[in-house]
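Right, one structure below, let's go through it.
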Amino acid sequence: MQVEFDTSYKRNIKWFQKKNKHLLSIIEETIELLKQNKDDPRLKYKKINCKKNKNRYSIRVLNQSYRILLRVTDEAYILICVCDHDKYDYYNKNC
């Protein structure tokens with residue numbers, strides 16, 4: 001399945017380029033693993049119960065305390081953001 005990037009994800013990655021450059025390669029590796037096998041246990045791929053968006057999921061960035069929020073369609077994974085657990089909870093609180 002193909003991967004697409006939401007505008008908020010692109011902004012988010014720009015922040016990581018400035019602040020956490022070492023994490024970018026790990027994020028890219030995580031995305032490649034998602035393309036190959038979303039059920040790999042290292043990703044901890046899970047559905048998020050969300051009333052506004054029934055197709056919201058998350059994956060864990062490999063060996064990090066970050067998660068990637070994504071929306072799943074028939075054709076693509078649409079990445080929304082990379083966030084720590086506090087932001088993750090914030091994004092999903094009133095979902």
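The values are calculated or read from the model by the stated rules, or taken from the named source; none is laboratory data. Since the model is a prediction, treat every value here as computed from it, not as a measurement. Glycine gets a Cβ as well: all are built from the backbone with ideal geometry, and neighbour counts include every protein chain shown.
Structure values in brief
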quantity	calculated
Test: I26 is touching a residue at least 40 places away in the same chain (Cβ under 8 Å) and either in a strand (DSSP E or B) or of a type outside the set (F, W, Y) (or both)	no
Any hit, the stretch 77-91, residues being exposed (fewer than 11 other Cβ atoms within 10 Å of the Cβ) and assigned to a loop (DSSP other than H, G, I, E, B)	no
Subset of the stretch 49-76 (residues that are among the hydrophobic types (A, V, I, L, M, F, W, C), in a strand (DSSP E or B) and touching a Cys at 6+ places or on another chain (Cβ under 6 Å))	L69
Subset of the stretch 39-59 [touching a residue at least 24 places away in the same chain (Cβ under 8 Å) and either hydrophobic (A, V, I, L, M, F, W, C) or surrounded by fewer than 18 Cβ atoms within 10 Å (Cβ to Cβ) (or both)]	I48, N49, C50, K51, K52, N53, I59
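Here is a yes/no grid of residues against (1) in contact with a Ser or Thr (Cβ under 9 Å, 6 or more places away or on another chain); (2) surrounded by 15 or more Cβ atoms within 10 Å (Cβ to Cβ); (3) within 21 Å of D89 (Cβ to Cβ); (4) at pLDDT below 95:
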{"site": "K14", "(1), (2), (3), (4)": "no, no, no, yes"}
{"site": "L23", "(1), (2), (3), (4)": "no, yes, yes, yes"}
{"site": "E28", "(1), (2), (3), (4)": "no, no, no, yes"}
{"site": "N63", "(1), (2), (3), (4)": "no, no, yes, yes"}
